[in-house]
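*Asks:* A single structure is presented below for examination.
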Amino acid sequence: MIKENLRKAADIIKNSNKIVVFTGAGISTESGIADFRSEGGLWTRYDPSIFANYHYFLRDPEPFWTMHREVEHLMDKAEPNPAHKAIAELEKMGKIKAIITQNIDMLHQRAGSGSFKRIPIFELHGTYRVYHCIKCGKEYSYGELNIKNINYPICKCNGFIKPKVILFGESLPEGILEGAIANCSLADCFLMVGSSLLVTPANFLPQVAKKSGAKLIFINKEHTPMDDLADVFLKGMAGEIFTRLMDLLKEDSQ
Ligand code: NAD
């Protein structure tokens with residue numbers, strides 16, 4: 001079954017040149033960054049209503065920063081895996097129109113995505129590497145924050161400092177969702193990798209692409225509540241599936 005489905009997915013990719021890739025935390029687990037909801041994921045250790053909630057952060061930033069130190073360290077050490085690299089390779093081949101990611105880890109950029117055909121990368125939930133004061137907006141680099149001996153950093157204006165990641169209860173960066181929707185509505189293929197499709201509004205995007213006539217390929221370790229939308233569902237580890245998909249595409253081009 002997986003073989004047949006791999007063939008079907010490779011054919012869709014072969015016949016597409018406006019692929020929109022949509023990724024979630026699952027694409028980066030093989031790079032050593034745990035997702036949130038799987039066993040051993042961050043949410044099993046850090047209650048998101050305290051550690052990743054914007055309103056809680058405004059009262060007390062300490063729990064967020066406790067979790068963020070761990071996340072920051074993991075993300076700095078992580079390297080792009082075969083799935084990130086295959087997506088960058090597909091961009092080189094002129095197949096990809098845009099990447100929409102829920103991840104904050106910058107592994108797509110580090111795999112080279114966005115630099116070959118200058119496709120846009122929509123980071124729906126922001127990025128872990130840029131910090132700012134939520135009161136005056138002043139931006140900081142991680143080095144400048146010097147957080148070793150403090151519980152959390154504070155700006156010169158006395159405002160709390162936070163990475164530009166989107167916490168629960170916070171709005172998405174301006175224009176990002178609109179850009180993502182516009183790209184999904186022009187896609188000929190929507191390639192979802194490693195998302196539980198449980199987080200709104202990001203999980204509206206497969207429906208936008210479907211309504212606009214795109215073929216949908218889902219690559220995920222587990223089933224999602226939206227599997228009925230998929231033309232092909234490839235169940236398994238993203239790195240391994242992408243390696244096999246890229247082999248098929250290479251064989252076809254010889
Ligand atoms: P999620 O944790 O809700 O779902 C991840 C999905 O990926 C699960 O269905 C899981 O079965 C699947 N998965 C795990 N490993 C996989 C693998 N190797 N191959 C294929 N599938 C795999 O994540 P989500 O849907 O992205 O949404 C939750 C939020 O998590 C997002 O807002 C995102 O910002 C945040 N997050 C990001 C990172 C990151 O930047 N790497 C890490 C953790 C959480």
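Just so you know, all these numbers are worked out from the coordinates, no wet-lab data involved. Predicted model only: the values in this text are computed from it and were never measured. Cβ atoms come from the backbone with ideal geometry, glycine included; neighbour counts cover every protein chain shown.
*Asks:* Return the calculated 222 nm mean residue ellipticity for the chain, to the nearest 500 deg cm²/dmol, obtained by summing -39500 (n - 2.57) across DSSP H runs with n ≥ 4 and dividing by the residue count. List each step's numbers first, then the result.
*Replies:* Details: 10 runs with 90 residues, N = 254.
It comes out at -10000 deg cm²/dmol, rounded to the nearest 500.
*Asks:* Another question, if that's okay. Please list, in order along the range 161-175, the HN-Hα scalar couplings obtained from phi with the Karplus expression 6.51 cos²θ - 1.76 cosθ + 1.60 (θ = phi - 60°), rounded to whole Hz, x for Gly and Pro.
*Replies:* 9, 8, x, 7, 10, 8, 8, 4, x, 10, 7, 5, x, 4, x
*Asks:* If you line up the Cα atoms of the chain on their principal axes, what length do they span on each, largest first, in Å?
*Replies:* 59, 34, 31
*Asks:* So, one more: Take Glu70 and Lys8, extend 7 Å from each Cα along the Cα→Cβ direction, and tell me the distance between the two endpoints in nm.
*Replies:* A separation of 3.9 nm, rounded to one decimal place.
*Asks:* Another one. Going by average Cβ neighbours within 10 Å, how do the peptides 230-239, 73-82, 169-178 rank, with the highest at the top?
*Replies:* Top to bottom by mean Cβ count within 10 Å: 230-239, 73-82, 169-178.
*Asks:* Still on this model: Listing Asp60, Asp105 from the residue with the fewest other Cβ atoms within 10 Å to the one with the most, what is the order?
*Replies:* Asp60, Asp105
*Asks:* Turning to a different aspect of this structure: Give the relative contact order (percent, whole number) for the chain; include only Cα pairs under 8 Å separated by 6+ residues.
*Replies:* Answer for the chain is 25 percent.
*Asks:* Now, a different point. Using mean Cβ contacts within 10 Å as the protection proxy, how do 157-164, 185-192, 138-145 order, highest first?
*Replies:* 185-192, 157-164, 138-145
*Asks:* A further question follows. Only Cα pairs under 8 Å and at least 6 apart count here; give the relative contact order of the range 173-216 as a rounded whole percent.
*Replies:* 49 percent
*Asks:* In sequence order, what are the phi-derived ³J(HN,Hα) couplings for the range 38-50 according to the Karplus relation 6.51 cos²θ - 1.76 cosθ + 1.60 with θ = phi - 60°, rounded to whole Hz, with x for glycine and proline?
*Replies:* 5, 4, x, x, 4, 5, 6, 10, 10, 5, x, 6, 10
*Asks:* Taking a threshold of 25 Å on the Cα-Cα distance, which of the pairs Lys211/Lys250; Lys3/Lys117; Lys8/Lys77; Lys3/Lys215 fall above it?
*Replies:* Among Lys211/Lys250; Lys3/Lys117; Lys8/Lys77; Lys3/Lys215, the Cα-Cα distance tops 25 Å for Lys211/Lys250; Lys3/Lys117; Lys8/Lys77.
*Asks:* So what is the relative contact order for the range 207-248, in percent, with contacts set as C-alpha pairs under 8 Å and at least six apart?
*Replies:* Dividing the mean separation by the residue count of the range 207-248 yields 34 percent.
*Asks:* Leaving out same-chain residues fewer than 8 places away, which lysines sit with a Cα under 26 Å from that of Lys135?
*Replies:* Lys148, Lys156, Lys162, Lys164
*Asks:* For the pair Ala182 and Ile50, how long in nm is the line joining their label points, each one 7 Å along Cα→Cβ?
*Replies:* Simple spin-label model gives 4.2 nm for this pair.
*Asks:* Another one. Which cross-chain or sequence-distant (5 or more) residues have an amide H under 5 Å from the amide H of Ile119, H modelled 1.01 Å from N in plane?
*Replies:* Those lying under 5 Å, H to H, from Ile119 are Gly114.
*Asks:* Would the range 178-233 count as rounded, prolate or oblate if I go by the C-alpha gyration tensor, calling it rounded below 1.5 in a/c and otherwise prolate when a/b exceeds b/c, oblate otherwise?
*Replies:* oblate
*Asks:* Skipping prolines and chain starts, which residues have an amide H placed within reach, meaning under 5 Å, of the one on Ile219, given they are 5 or more residues away or on another chain?
*Replies:* Counting only residues 5 or more places away or on other chains, the set is Met192, Val193, Gly194, Leu234.
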